[in-house]
Amino acid sequence: MIRKIVTYPDPVLTTPTQEVDVVDREIEKLVKDMFETMYDAEGVGLAANQIGVPIKVMVMDTTPKEDAPDLKLVLINPTIVHTEGKIKYKEGCLSFPGLSVEVERAKRIKVKALNEHGEPVELELEGFPAIVFQHELDHLQGITFIDRLKGWRRRLALEKYKKLQKRS
């Protein structure tokens, strides 16, 4: 089922999410809905709170991105355990329709999480998949990509977003 994507400034986007205790049928249904919603919106990543569910679940699929590896993941209670390097990338966000801003992220990351079966996984991500993961992890922590900007860059991005919202 395709769900409504929450847009900024909804408070669910700026509130840290809760850990998942048990991976059950309810979580399986949520994950299915998240993929359907993400694909319908032509996104490559989605955090559960972006559809109003404040728990630590994210999905990502970098397959649609031509210069990225085909990587489809469900990550529950994800954390970053190691980072290396820096990379800047112009990111968009389904919760900020029409807006894209350049954000600096770690170039390589090592992550731990549970998969869709509740089993522990460890992954090493680099480049675009690492960017997507960090963007979605920020959502789960109540951080938006606008929060990664400082000073005038942040003000300009918020002004642009407000103008975009008035047009739609």
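So here's what we get for this one:
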quantity: Full-stretch length increase - Glu124, Ala41 - with 0.36 nm per residue and alpha-carbon distance subtracted; calculated: 27.2 nm
quantity: Assigned charges on the beta-carbon of Lys, Arg, Asp, Glu; the stretch 11-167 dipole about Cα centre (debye); calculated: 1200
quantity: Net charge over other residues, Cβ less than 14 angstrom from the Cβ of Gln165 (K, R count +1; D, E count -1); calculated: +3
quantity: Near-label residues of the stretch 74-101 by backbone N, under 13 Å of a point 7 Å along Cα→Cβ of Lys163; calculated: 99-100
quantity: Where Rh is the Kirkwood radius over Cα pairs, Rg/Rh for the stretch 11-167; calculated: 0.95
quantity: Gap separating the Cα centres of the stretch 64-103 and the stretch 43-60, nearest whole Å; calculated: 13
quantity: Anisotropy class of the stretch 114-154 from Cα gyration tensor, a/c 1.5 cut; calculated: oblate
quantity: Efficiency of FRET between Asp21 and Thr83 - r from beta-carbon atoms, R0 35 angstrom, step 0.05; calculated: 0.80
quantity: Value of relative contact order over the stretch 1-79, rounded to a whole percent, pairs C-alpha under 8 Å and six or more apart; calculated: 30
quantity: Cα-based shape type of the stretch 56-104, given that a ≥ b ≥ c are square roots of the gyration tensor eigenvalues and the cut on a/c is 1.5; calculated: rounded
quantity: Enclosed volume per residue, in Å³, of the convex hull spanned by Cα atoms of the stretch 84-168; calculated: 103
quantity: Positive-end extreme of charge dipole, the stretch 1-122 - chosen from Cys93, Ala106, Thr62 (charges on Cβ); calculated: Ala106
quantity: Ellipticity estimate at 222 nm from DSSP helix runs (n ≥ 4, -39,500 (n - 2.57)) divided over the chain, nearest 500; calculated: -9000 deg cm²/dmol
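Each reported figure results from applying straightforward, stated rules to the coordinates on display, with no laboratory input. Since we're looking at a predicted model, the values are computed, not measured. Backbone-built Cβ (ideal geometry, glycine too); neighbour counts: all protein chains shown.
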